[in-house]
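J.: Okay, here's the structure, questions in a sec.
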Amino acid sequence: MADTTCNGWTNYATWRVNLEMFDGFDPREYGFDLSSHYELAKELKEYAESAIEDSSSDGLARDYALAFLSSVNWYEIAKHMIEDFADENCAAE
């Protein structure tokens, strides 16, 4: 079985979406739920899908971009964000 990890992330899609869409992103600014990995993962996925739909027109490129998102490990990104948030709060205390 081939190793599909990328820079410590599950796969290229997860790494790339986290880097391009969520690096420096503060989920609190959008009222996202930081108490649940599952809920945050759903919110991040919806956010990314909306960003693509709002910034592109119907067609092949949009379809490919949305299909790319299906490979993303949203739970992993959510877990990373929640851990970062917890680390920030611990450092501030």
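The values are calculated or read from the model by the stated rules, or taken from the named source; none is laboratory data. Just so it is clear, the structure is predicted and the values come from calculations on it, not from any experiment. Cβ placement follows ideal geometry from the backbone for every residue including glycine, while neighbour counts extend to all protein chains displayed.
J.: Within the stretch 21-52, how many residues are at pLDDT 95 or above and among the charged types (D, E, K, R)?
T.: Within the stretch 21-52, residues that are at pLDDT 95 or above and among the charged types (D, E, K, R) number 6.
J.: Also: Consider the stretch 19-68. How many of its residues are of a type in the set (S, T, N, Q) and closer than 17 Å to LYS79 by Cβ?
T.: 2
J.: Any idea how many residues of the stretch 38-62 are surrounded by 11 or more Cβ atoms within 10 Å (Cβ to Cβ) and outside any helix (DSSP H, G or I)?
T.: Adding up the residues that qualify gives 1.
J.: Still on this model: Tally up the residues in the stretch 1-37 that are free of Cβ contacts under 8 Å to residues at least 24 places away in the same chain, more than 15 Å from PHE85 (Cα to Cα) and assigned to a loop (DSSP other than H, G, I, E, B), please.
T.: Of the residues in the stretch 1-37, 7 are free of Cβ contacts under 8 Å to residues at least 24 places away in the same chain, more than 15 Å from PHE85 (Cα to Cα) and assigned to a loop (DSSP other than H, G, I, E, B).
J.: May I pose another question? Scanning the stretch 63-77 for residues that are out of contact with any Phe, Trp or Tyr (no Cβ under 9 Å at 6 or more places or on another chain) and assigned to a loop (DSSP other than H, G, I, E, B), which turns out surrounded by the fewest Cβ atoms within 10 Å (Cβ to Cβ)?
T.: Taking the candidates together, the pick is SER70.
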